[in-house]
Amino acid sequence: MYYARCGVPDPPKPPHTTKDYVYFTGRPRWNRNIPMRLTYAFSPQNMITSLSMEDIKGAFKRAFSHWASVIPVTFVESDDYGFADIKIGFYYGDHGDGEAFDGVLGILAHAFTPESGRFHLDAAETWAVDFAAEKADTAVDLESVATHEIGHLMGLAHTDIKEAVMYPSLKPRERKVELKIDDIKGVQSLYGSNPNFRFGSFAESDMSSNGAFDWRVGGERLIRVKWMMVFVVWFCM
């Protein structure tokens, strides 16, 4: 079995844990009135052709909707890339932000903390929206990566809860798009709850903590998703 892992190294566990979900230093968030409206747009020049724009936009629309369903934030696609709050693009290699992509199953994507809004994906990856149609062993589910990275864009760092979307590893050809209690509690602590959201729809087992640790990184920190091919054993970095 192969495993993939986000490239941000985990610092040592602190001696005391007060919560599972994790923020960045200073708890950065989008400083807008609640309910909040954020726009997102796709780069006109930096896209991929292996998937249709319809499929790409559909995956991102679903990814944004996962978060919008639990917080009072509406994500609206815009045609104005220059003025959009969140700017999405696919890039090869060195693309000018100091964090070059490195090809298949290296760094998948990176996003920045609020309120930067920059969201870059490696154009060299085998992005998929349907594993029945895409048979490659190295296929990466676009919606899963988008959902994880949107969490970073909203202010969440990595959690140690394995089932959570914000957990830093994922197997190739795996879909992981459903927010767990840890993801929800974390983002709601920043923005409050969507008035239509109810925790009662979640299994009781989802509500429990399993000893995650809390760590923080500073500034407008880049979140790099780095997938590493490891046979049988997952090596923590």
Tally, over the range 89-104, of residues that are over 20 Å from P172 (Cα atoms), free of Cβ contacts under 8 Å to residues at least 60 places away in the same chain and in contact with a Lys or Arg (Cβ under 9 Å, 6 or more places away or on another chain)
1
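Residue under question is V225, and the condition is that it be crowded, with 16+ Cβ neighbours inside 10 Å and modelled with pLDDT of 95 or more; does it hold?
Considered against the rule, which asks whether it is crowded, with 16+ Cβ neighbours inside 10 Å and modelled with pLDDT of 95 or more, V225 comes out as no.
Would you pick out the residues in the range 103-133 that are over 30 Å from N31 (Cα atoms) and β-branched (V, I, T)? Break it down into steps so the answer makes sense when it comes.
First pass over the range 103-133, keeping only residues over 30 Å from N31 (Cα atoms): 103-106, 123-133.
V104, T126, V129 - these are the residues of the range 103-133 that are over 30 Å from N31 (Cα atoms) and β-branched (V, I, T).
Within the range 158-165, identify whether any single residue is under 23 Å from T39 (Cβ atoms) and hydrophobic (A, V, I, L, M, F, W, C), and answer yes or no. It would help to see each step written out before you state the result.
Taking the range 158-165 as the starting set, the residues that turn out to be under 23 Å from T39 (Cβ atoms) are 165.
Then drop every residue that is not hydrophobic (A, V, I, L, M, F, W, C), which leaves 165.
Yes.
Being in a loop (DSSP other than H, G, I, E, B) and under 20 Å from L51 (Cα atoms) is true for just one of D79, D94. Which residue is that? Before you say what the answer is, go through the steps one by one.
Numbers: D94 fails: under 20 Å from L51 (Cα atoms).
Among D79, D94, only D79 is in a loop (DSSP other than H, G, I, E, B) and under 20 Å from L51 (Cα atoms).
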Looking across the range 135-163 at residues that are in a loop (DSSP other than H, G, I, E, B) and in contact (Cβ under 8 Å) with a residue 60 or more places away in the chain, the single one that is surrounded by the fewest Cβ atoms within 10 Å (Cβ to Cβ) is D137
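Tally up the residues in the range 168-184 that are in contact with a Lys or Arg (Cβ under 8 Å, 6 or more places away or on another chain) and either surrounded by fewer than 21 Cβ atoms within 10 Å (Cβ to Cβ) or in a helix (DSSP H, G or I) (or both), please. Walk me through it before giving the result.
At the first step, the residues of the range 168-184 found to be in contact with a Lys or Arg (Cβ under 8 Å, 6 or more places away or on another chain) are 168-170, 177.
Next, from what is left, pick out any that are either surrounded by fewer than 21 Cβ atoms within 10 Å (Cβ to Cβ) or in a helix (DSSP H, G or I) (or both): 169, 177.
Total meeting the criteria: 2.
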A132 is checked against (1) surrounded by 15 or more Cβ atoms within 10 Å (Cβ to Cβ); (2) in a loop (DSSP other than H, G, I, E, B) and fails just one. What number does that condition carry?
(1)
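The values are calculated or read from the model by the stated rules, or taken from the named source; none is laboratory data. Owing to the predicted nature of the structure, the values given are computational and were not obtained by experimental measurement. So basically every Cβ, Gly included, is an ideal-geometry build from the backbone, and we count neighbours across all protein chains shown.
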